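J.: First, the structure itself, so that you have it in front of you.
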Amino acid sequence: MQIVRGIKPLRRLIRRAKKQGKTIGFVPTMGALHEGHLSLIRAAKVGNDLVAVSIFVNPIQFNRKTDLAAYPRPLRQDIRLCKKSGVDFLFIPSVKTMYPAGFQTICEVLELSRPWEGFFRPGHFRGVTTVVAKLLNLVQPDTAYFGEKDFQQAAIIRRMVRDLNVDVRIKVLPTIREKDGLAMSSRNRLLPSELRRPSRTLFLALQEGRRLIESGERRRSVVERRMRSMIRTIPRSRLEYCVLVDPAGLRRVPSIKGEVVALLAVWVGSTRLIDAMRIRPRRTTRMR
């Protein structure tokens, strides 16, 4: 595994790989790697000749300085995991490398960035799309891999790639969960021990929403209300949103007629957790 910290050496490696006709799979991360990240790396390894991973805690996507300061950075462990997983190129740039003095260009997907995460975290997606655009430009992968837990983020990146004609395939893989159902996240390690078990209710609420829809419930308000009532039983929790949206435009559905996505964001103590689940109503068989 080659560890690269500068842009020039990274570009040399990429040019050499491209000249040899190698395909590149790319997994952008902020470090604190867990099984969710490793599943993306494995998929990239299966589908490509070479795998590139980036580790960069992107300061411009944090709208709270305390969140940026608290974000876990177990770099040595991350390097070991990447090496063990068969990563070929590990790009670990500094903030100065990514945002040199005088940097003033941003990338933003306007409509998809406004609701949900965009509303509660102003400027967050502007930071995400800017750094992802830069990383895609630097690594020039054939395929980039993302997790479905960050459903809105994945939809925004897909739209950015489409709108800017970036020559890369975006592949979004299913959420990897802990044994109790909680979506794997770097933030899970910030949960106080006494709140870890109750946090499982987030997954149970998503499952309840799916059960209601698969059982024939078509009223969005009924499903959302039931999910929210479950989430509010979590001690020291504060619900930001729990909604059913259409997968393409992320707009709240008036009623449930086809596939929907349940999105939620909840503070548990001082830790903010998000999750998502695709739900498709079961088809009913007509009587002849």
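J.: Go through K45/K96; K19/K83; K22/K149; K149/K257; K8/K83 and tell me which ones have a Cα-Cα distance over 26 Å in this structure.
T.: Details: K45/K96 30 Å; K19/K83 24 Å; K22/K149 30 Å; K149/K257 23 Å; K8/K83 22 Å.
Going by Cα-Cα distance, K45/K96; K22/K149 fall outside the 26 Å limit.
J.: Still on this structure: State to the nearest 20 debye the size of the charge dipole of the stretch 2-173 about its Cα centre, where the only charges are +1 on K and R beta carbons and -1 on D and E beta carbons.
T.: Numbers: 29 positive and 13 negative charges, 145 e Å.
Roughly 700 debye for the stretch 2-173.
J.: Moving on to the next point. Have a look at S237, N48, V161 and report the one farthest towards the positive end of the charge dipole of the chain, computed about the Cα centre with Cβ charges (Lys/Arg +1, Asp/Glu -1).
T.: Projecting each Cα onto the dipole axis, the largest value belongs to N48.
J.: Let me ask you something else. Hey, what angle do you get for helix 75-84 against the long axis of the chain, alpha-carbon based, 0 to 90 degrees rounded to 10?
T.: For helix 75-84, the angle is close to 90 degrees.
J.: Between K83 and I7, what is the label-to-label distance in nm when each label sits 7 Å out along the Cα-to-Cβ direction?
T.: Using points 7 Å along Cα→Cβ, the separation is 2.9 nm.
J.: Here is a follow-up. Suppose R0 equals 22 Å; then what is the FRET efficiency for E240 and R196 from their Cβ-Cβ distance, rounded to the nearest 0.05? Don't jump to the answer; show the numbers that get you there.
T.: Numbers: r = 20 Å, r/R0 = 0.90.
After rounding to 0.05, the efficiency reads 0.65.
J.: Work out from phi, with θ = phi - 60° and the Karplus expression 6.51 cos²θ - 1.76 cosθ + 1.60, the ³J(HN,Hα) of each residue of the stretch 26-36, listed in order in whole Hz, and give x for Gly and Pro.
T.: Each residue's phi maps through the Karplus curve to give 10, 10, x, 9, 10, x, 6, 5, 9, 4, x Hz.
J.: Of the beta bridges DSSP finds with both residues in the chain, what % are antiparallel, to the nearest 5?
T.: Numbers: 19 of 38 bridges.
Roughly 50 percent of the DSSP beta bridges within the chain come out antiparallel.
J.: Filter the GluC sites (Glu not before Pro) in the stretch 192-288 to those in DSSP coil with at most 14 other Cβ atoms within 10 Å of their Cβ, and list the result. Working shown, then result.
T.: Numbers: sites: E194, E208, E214, E217, E224, E240, E259; in loops: E217, E259.
Those that pass, being in a loop and sparsely packed, are E259.
J.: Does the stretch 2-173 come out rounded, prolate or oblate, given a ≥ b ≥ c as the square roots of the eigenvalues of its C-alpha gyration tensor, rounded meaning a/c under 1.5 and, failing that, prolate meaning a/b above b/c?
T.: Working: a/c = 1.42, a/b = 1.31, b/c = 1.09.
Rounded, because the longest to shortest axis ratio a/c is under 1.5.
J.: Please determine, in degrees from 0 to 90 and to the nearest 10, the orientation of helix 151-163 with respect to the longest principal axis defined by the Cα atoms of the chain, where the helix direction is its Cα long axis.
T.: 50 degrees
J.: Taking the Cα centre of the chain as origin, work out the dipole magnitude from +1 charges on Lys and Arg Cβ and -1 charges on Asp and Glu Cβ, in debye rounded to 20.
T.: It comes to approximately 300 debye.
J.: Efficiency by 1/(1 + (r/R0)^6): what FRET value for R76 and V222, r their Cβ-Cβ distance, R0 = 45 Å, to the nearest 0.05? Numbers along the way, then the final one.
T.: Working: r = 49 Å, r/R0 = 1.09.
Approximately 0.35, to the nearest 0.05.
J.: Rounded to whole Å and sorted largest first, what semi-axes of the equivalent ellipsoid does the C-alpha gyration tensor of the chain yield via the square root of 5 times each eigenvalue? The partial results should precede the final answer.
T.: Working: eigenvalues 229, 94, 69 Å².
Over the Cα atoms of the chain, the semi-axes work out to 34, 22, 19 Å.
J.: Could you give me the ³J(HN,Hα) list for the stretch 224-232, computed from phi with Karplus coefficients 6.51, -1.76, 1.60 and θ = phi - 60°, whole Hz, x at Gly and Pro?
T.: Going residue by residue, I get 4, 4, 5, 5, 5, 5, 5, 4, 5 Hz, with x marking Gly and Pro.
J.: What is the fewest-to-most order of M227, M160, M98 by other Cβ atoms lying within 10 Å of their Cβ? Mind dumping the intermediate values first?
T.: Values: M227 26, M160 23, M98 19.
In increasing order of surrounding Cβ atoms, one gets M98, M160, M227.
J.: Using only Cα atoms, find the angle between the long axis of helix 7-19 and the longest principal axis of the chain, and express it within 0 to 90 degrees, rounded to the nearest 10.
T.: So the helix axis and the longest Cα principal axis differ by about 90 degrees.
A short reminder: the numbers here are calculations on the coordinates, not readings from a lab. Because the structure is predicted, anything quoted here is derived from the model rather than measured. No Cβ is skipped: glycine too gets one built from the backbone with ideal geometry, and neighbour counts run over all protein chains shown.
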